[in-house]
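I have placed the structure first, in the form of structure tokens, so that the comments after it can refer back to it.
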Amino acid sequence: MVNVAISVLLWFSAIGCGLLAGLYFAFSTFIMRALGRTGAEAGATAMNTINVEILRSAFMPLFLGATASSAILALIALLRWGEPSSLSMFLGGLLYVVGMFGVTMVFNVPLNTKLSKAGSGNLDAVWRNYLDVWTRWNHVRTLTSTAASSLFIAAIAAG
């Protein structure tokens, strides 16, 4: 029964991390560039709207669920250290929780808050900074989510 639960967590994490990696990849490769071309007011308005909508969407259960399952898998890996899948499970969980969730909370969310509170007087400067810094940290989320998904797949294969 325990192995079935771990298998379910691994599959959920692999798929969840992969889906979120794809979303972050889209933002990193074309969405932010497109918003950057619309001008500060239009781009900031669009991004603020996205940030409100994303909280009400299926993104949030997947975001939180993949984070929780990744953290649980990292803990299970420590408890079952030495098993063929433990290193991949641990590294996948650690990468995802720190590199995706941690980066989101420490960097991307505060930037979203700053953008939502920006007044029209300093919007150009805030928007330019937002495009540069938010996207840079989003690249980190893309890479760590992709790596975590790959590591969970490796753990499935090893199991």
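None of the figures in this text is laboratory data; all of them are computed from the coordinates on show. Remember, predicted model here, so these are calculated numbers, not experimental data. As a convention, Cβ positions derive from the backbone with ideal geometry for all residues, glycine included, and neighbour counts pool all protein chains shown.
Just a few scattered comments:
- For the chain, the relative contact order works out to 41 percent when only alpha carbon pairs closer than 8 Å and six or more residues apart are counted.
- Charge tally for GLY36 (other residues, Cβ to Cβ under 11 Å; Lys, Arg +1; Asp, Glu -1): +2.
- Size descriptors for the chain (Cα atoms only): Rg and Dmax, in that order, 17.6, 60 Å.
- Farthest toward positive dipole pole in the chain [+1 Lys/Arg, -1 Asp/Glu at C-beta], among TRP127, PHE90, LEU35: TRP127
- Qualifying chymotrypsin sites (Phe, Trp or Tyr not before Pro) for region 1-90 [loop in DSSP, other Cβ within 10 Å: at most 11]: TRP81
- Summing charges over neighbours of TYR130, with a neighbour being any other residue whose Cβ is under 15 Å away from its Cβ, gives +3 when K and R count +1 and D and E count -1.
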